[in-house]
1. Residue by residue through region 111-118, which ³J(HN,Hα) values in whole Hz follow from phi under the Karplus form 6.51 cos²θ - 1.76 cosθ + 1.60 (θ = phi - 60°), with glycine and proline marked x?
2. Loop only per DSSP, at most 15 neighbouring Cβ atoms within 10 Å: give me the chymotrypsin sites (Phe, Trp or Tyr not before Pro) in region 134-186, ordered by residue number.
3. Compute the semi-axes of the equivalent ellipsoid of region 179-296, taking the square root of 5 times each eigenvalue of the Cα gyration tensor, and list them largest first in whole Å.
4. Provide the gained length on full extension for the span A85 to S62, in nm with one decimal, where the gain is 0.36 nm per separating residue minus the Cα-Cα distance.
5. With n ≥ 4 as the cut-off for DSSP H runs, can you work out [θ] at 222 nm for the chain, using -39500 (n - 2.57) per run divided by the number of residues, rounded to the nearest 500?
6. Carbon and sulfur atoms: what percent of the 1.4 Å accessible area of the chain do they account for?
7. Using a Debye calculation, one point per C-alpha and no hydration shell, please list log10 I(q)/I(0) for region 13-117 at q = 0.14, 0.17 Å⁻¹ in order.
8. Report the full-extension gain for the segment R111 to R32: residue separation times 0.36 nm, less the Cα-Cα distance, to one decimal in nm.
Amino acid sequence: MPYYFVCDGGGSKTESLLFDESGRILASAQGRGANALFLPPEQAGRRVLDQMRDTLKTAGLSAGQLHTVALFIPGFRPCEAMVRAALPPQVNLRLEGDDRNAFYGALGSGRGIAVLSGTGSFAIGRGRSGAFAKAGGWGPVMGDEGSGYHIGSLCLHWLGRLADEGRPGSVLEKLVLEHLGKADLMELRSEVSSAGFDRAAVAELCRVTAEAARRGDATARMILETAASELARLAACVAKKLDDPALPVVLIGGVSKAGPALTVPFCRQVKALLPEADCRPPADTPVIGAVLCVLQENAGVDIDDPALLKRIRKEAGGNL
């Protein structure tokens, strides 16, 4: 029987699952991030190989029994030679970013639109024809509207604007100053202008904005509504490319945890742009999405079988 190893690697954590062609989960592993955009390639590759060896040992298997190793890790291409050298030549090595497995995990199937908003943002969908389409993912200079970085940038913009208009002292301002340990907006301006205040630091202000919105800050709520509209627009762009306006739409990623101040206007805007679409909560995690992706695309398994999905979710949850 062929066996499959998948790995979902981000900047902060990496999760792996080993399973067979029936979707039975045999072993799992977790560890620190393996995103090679933020780590030396050798270090990122070593973390993934260690997880693969751990899962094989747990399952009592050898690398030669693997059919496919599928790694859903951004920026992992420089590690390809290292991983390839550790595998027998007959093993299929598949390298992907984090969009394909995020799609399958969000929908729990092979059809629909997943809108991902983290530090950046993009949407990916698959329609009746089986073809994929994407929108967004252009980075902070060309796009990333609705992302954590975009929300953080809008937060800083509006703090300066409110001060210019003689309206300082908002809940949003108070929380941002507390978050960064600054006494006033002049200290804040010096901080955000420094070389150390990078894209991740700006994106971190998304969480502060979400908290201000929960406390009723009108500016924070307006910022999140702006982001929600941009994310809904990405979904509409994908639906247009696929010529399928009735696809289910799911919002995922760290920014989706901002709460109702973001998710409610997002679904409202999706319905306004795509009246036939169904706005849903996420079905599964990205690592389960990796399993579903490989089962459908590499093993030819019907992943829309409810019994299969139920078992994968149960066994993956137990292992992780």
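The values are calculated or read from the model by the stated rules, or taken from the named source; none is laboratory data. Not measured: the values here are computed from a predicted model. We place every Cβ from the backbone using ideal geometry, glycine too, and count neighbours over all the protein chains shown. When the accessible area is computed, the model is the full protein with side chains, heavy atoms only, and any ligands, DNA or RNA have been set aside. Shrake-Rupley method; radii C 1.70, N 1.55, O 1.52, S 1.80 Å.
1. So the Karplus estimates, Gly and Pro as x, are 9, x, 10, 10, 10, 10, 10, x Hz.
2. Of the chymotrypsin sites (Phe, Trp or Tyr not before Pro), the ones in loops of region 134-186 whose Cβ has at most 15 other Cβ atoms within 10 Å are W138.
3. Semi-axes from the Cα gyration tensor: 32, 18, 13 Å.
4. Extending this stretch completely gives an extra 6.8 nm.
5. Result for the chain: -15000 deg cm²/dmol, rounded to the nearest 500.
6. Working: 7440 of 14280 Å².
Solvent-exposed carbon and sulfur of the chain make up 52 percent of the total.
7. -0.57, -0.85
8. Length gained between R111 and R32: 25.3 nm.
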